[in-house]
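The structure appears below as structure tokens.
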Amino acid sequence: MATLIEAKQLVKTYGKGEGSFTALKGLDIAIEEGEVVAVIGKSGSGKSTLMHLLALLDSPTSGSVSIGGINASKLNRKKVNKIRNDEFGFVFQQFFLNGDESVLSNVVLPLKIAGLSPRARKKRGLEVLRAVELEDKAQNKASDLSGGQKQRVCIARALINNPRVIFADEPTGNLDSVTGKKVEDILFTLNKEQGITLIFVTHDEDLAKRCQRRIYIKDGQIMKQSGSSK
Amino acid sequence: MNYRDIVRTANANLRKSKLRTFLTISAVFMGALTLMLTTGVGAGLKTYVDEQVNAVGAKDALIVTVKTEGGGPISNDNPKEYDPNKKQAIADFTRQPTLSKADLDKIASTQGVLSVQPFYSITPEYITSSGQRKYQVTIGQAVEGLNQPLKSGRLVKVNGEKYEVTLPPAFVSKLGFANDQAAVGKTVTMGFKDATGTIFTQEATVVGVQEKTLIMGNALNVNNTFAKAAYDRATLGVPDFQKDQYGLAVAKFDTNLSDQQLKDLKKTLADKGYDAKTLDDQLGIIRQVIDAITTFLNIFAVIALAAASFGIVNTLFMSVQERTREIGLMKALGMGRGKIFMLFSIEAVLIGLWGAIIALGAANILGRIGSNIASKTLLKDFEGLHLFAFPFLSMLPIIILIMVIAFLAATLPARRAAKLDPIDALRYE
């Protein structure tokens with residue numbers, strides 16, 4: 001399988017001078033296409049920073065992140081935005097849904113940003129809502145949904161652009177274990193059926209165990225890895 | 001995000017916090033209304049002046065008087081040497097230097113001038129009609145092409161055979177006519193003093209009733225035939241050199257002249273010692289006064305708008321604050337800085353647009369009411385004056401100006417939104 005995301009010697013330092021803090025201290029990582037990877041660590045370990053860098057939400061102090069063999073630090077902001085819009089999906093712990101708006105319009109936000117016509121957005125939006133079994137809630141206000149339903153809406157939103165990779169930052173952190181399991185199942189099914197690469201950031205060992213590969217981060221460095229992509 | 005979606009999203013955001021949007025739009029509305037009303041007054045007055053000039057017509061007429069130098073012998077300037085060829089200002093303020101027959105010829109021979117008609121200095125002692133009292137009156141002399149607006153009847157024939165006159169409206173009932181129509185065709189009598197001080201009378205037929213205008217005021221218009229006859233009789237026995245003295249003359253020029261050529265013509269006449277002005281020139285001073293007043297009032301309106309723009313800044317800062325996570329999300333999902341900036345600045349521009357449009361509607365209503373009240377009370381002497389005018393073409397720049405101000409007000413908050421770091425924004429509680 002081809003390498004989808006490759007990070008080399010990632011260093012990320014926040015602040016300058018004496019007050020500075022180095023969150024990542026020269027980290028190498030390669031993620032294959034179609035892999036399911038869990039990045040595990042305590043808070044302050046640098047796992048979120050790692051995800052932000054891999055997802056091109058932030059740029060490293062030194063080192064490089066390549067997406068499909070292209071060095072992202074050499075790209076301009078517009079191209080980076082386009083990669084995130086076209087190829088990445090995001091699922092966050094706090095959902096980030098717009099409660100006043102309908103489920104459908106929340107789901108189609110990435111396509112709206114991409115500039116698709118309302119008609120095409122609606123068609124694709126209903127498709128992905130069907131995939132998460134929320135088609136009947138399309139016109140409901142997002143705030144009227146339960147926690148599990150909200151996270152399924154988020155998955156639908158992450159899915160809408162046919163991403164190559166979905167970044168999931170503590171996707172089940174706000175859910176009870178039964179609902180959380182159901183959300184995980186949806187994500188794993190996506191990986192199996194559509195080959196979408198999954199990168200979880202979590203401190204939930206149960207979730208980590210279900211992943212092919214687990215990368216343990218401590219103090220900005222990889223402490224150990226288990227499982228393999230092969 | 002395409003532009004249509006940006007506008008829609010901005011509009012939806014405005015609807016989300018209705019009260020805040022309403023208050024911000026209100027502030028813009030106040031400023032816009034003030035600006036529109038002040039501009040409206042200026043436009044109304046100017047339209048009136050323009051209409052008056054147009055109504056009077058005679059675009060091909062120059063009013064020629066003698067150009068005088070300095071303040072005359074009593075001025076504080078250095079004494080000037082006597083020059084027999086130059087006319088000098090006369091210390092007696094009741095008399096102005098006059099044009100002689102030779103002057104008229106000189107003016108007529110100037111290139112570009114088609115004809116010259118002197119204005120006879122005749123002052124009637126009174127006007128009356130059969131069985132009525134005598135009233136004081138000022139007369140104006142009709143000029144070919146001069147289009148005095150009429151309430152009824154027709155204009156005088158300038159060089160017609162008969163003695164003709166049009167009456168100002170105020171004289172209709174005073175002279176015993178039932179109404180404007182009834183006055184037409186009737187005869188009025190005017191009394192003049194001749195050289196010996198004896199009063200003689202001259203009759204004229206009323207051919208029309210004038211509308212009251214800025215330029216003519218309450219002067220009645222007589223035709224040239226009447227004026228010349230009265231003048232000849234009044235100056236009977238006066239030596240020619242004293243008789244041929246005219247306060248002013250009207251010179252017709254070729255209407256095909258360009259503005260520059262007209263300017264040159266005025267200069268040529270000025271070089272010859274004459275002061276030549278079109279009606280438009282004479283009203284220029286009125287326009288300048290209106291402009292000055294309008295500008296002064298507009299300054300207040302712009303201050304109000306500036307205050308409103310702070311309201312916009314505040315509203316948008318709040319909006320950015322409230323929607324920090326939403327902005328963060330949109331940026332994470334690949335929305336560029338430019339589009340985020342646009343989203344907020346268009347929100348502001350929409351506030352400006354709504355404020356301006358509502359203000360335009362309100363200004364029209366208020367203006368109409370104001371014009372009505374004013375023309376019945378304060379300004380009832382000025383027929384045809386609408387105190388406020390809102391021609392769309394002069395309102396459009398105001399609407400655009402307000403949108404530009406709103407846009408400028410938005411730059412600060414919109415910049416903040418555009419520069420938000422998606423990670424920080426998503427963490428924001």
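Odds and ends about this structure:
A quick yes/no check of all residues on (1) at pLDDT below 90; (2) within 22 Å of B:Ile340 (Cβ to Cβ); (3) away from every other protein chain (no Cβ under 14 Å):
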site	(1), (2), (3)
A:Ala55	no, yes, no
A:Ser59	yes, yes, no
A:Asn71	no, no, yes
A:Lys74	yes, no, yes
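- Qualifying residue in segment B:130-150 (condition: outside the structural domain of B:Lys263 (by TED's automatic domain parsing), in contact with an Asp or Glu (Cβ under 7 Å, 6 or more places away or on another chain) and more than 30 Å from B:Leu269 (Cβ to Cβ)): yes
- Residue check, A:Leu116 within 9 Å of chain B (Cβ to nearest Cβ), part of a loop (DSSP other than H, G, I, E, B), of a type outside the set (Asp, Glu) and closer than 23 Å to B:Arg427 by Cβ: no
- Those residues of segment A:1-59 which are acidic (Asp, Glu), closer than 19 Å to A:Gly195 by Cα and part of a loop (DSSP other than H, G, I, E, B), in sequence order: A:Glu33, A:Glu35
- Residue among B:Ala219, B:Ala182, B:Ala204, B:Ala229 that is among the small types (Gly, Ala, Ser) and farther than 21 Å from B:Glu144 by Cβ: B:Ala182
- Scan of segment A:102-123 for residues that are in contact with a Leu (Cβ under 6 Å, 6 or more places away or on another chain) and of a type in the set (Lys, Arg), ordered by number: A:Arg121
- Residue within segment A:59-68 that is within 19 Å of the chain's Cα centre (by Cα), among the aliphatic types (A, V, I, L, M) and over 21 Å from A:Ser226 (Cβ atoms) present: yes
- Residue identified as out of contact with any helix residue (DSSP H, G or I) (no Cβ under 7 Å at 6 or more places or on another chain), at pLDDT 90 or above and farther than 20 Å from A:Leu57 by Cβ among A:Lys230, A:Lys192: A:Lys192
- Selection within segment B:326-353 - assigned to a helix (DSSP H, G or I), touching a helix residue (DSSP H, G or I) at 6+ places or on another chain (Cβ under 6 Å) and either farther than 28 Å from B:Leu33 by Cβ or within 13 Å of another protein chain (Cβ to nearest Cβ) (or both): B:Ile327, B:Gly328, B:Lys331, B:Ala332, B:Arg337, B:Ile340, B:Phe341, B:Met342, B:Leu343
- Exclusive hit being modelled with pLDDT of 90 or more and out of contact with any Asp or Glu (no Cβ under 8 Å at 6 or more places or on another chain), set A:Lys82, A:Lys12, A:Lys42, A:Lys16: A:Lys82
- Single unsatisfied condition, B:Val404 versus (1) farther than 22 Å from B:Arg15 by Cα; (2) in a helix (DSSP H, G or I): (1)
- Screening A:Lys47, A:Lys78, A:Lys74 for residues that are among the basic types (Lys, Arg) and under 14 Å from the mean Cα position of the chain (by Cα) leaves exactly one candidate, A:Lys47.
- Of the candidates B:Thr189, B:Thr205, B:Thr166, B:Thr225, the single residue that is outside any loop (DSSP other than H, G, I, E, B), over 34 Å from the mean Cα position of the chain (by Cα), in contact (Cβ under 8 Å) with a residue 12 or more places away in the chain and outside the structural domain of B:Leu379 (by TED's automatic domain parsing) is B:Thr189.
The values are calculated or read from the model by the stated rules, or taken from the named source; none is laboratory data. Everything quoted here is computed from the prediction, not taken from an experiment. Cβ sites come from the backbone with ideal geometry, for glycine too, and all protein chains shown count toward neighbours.
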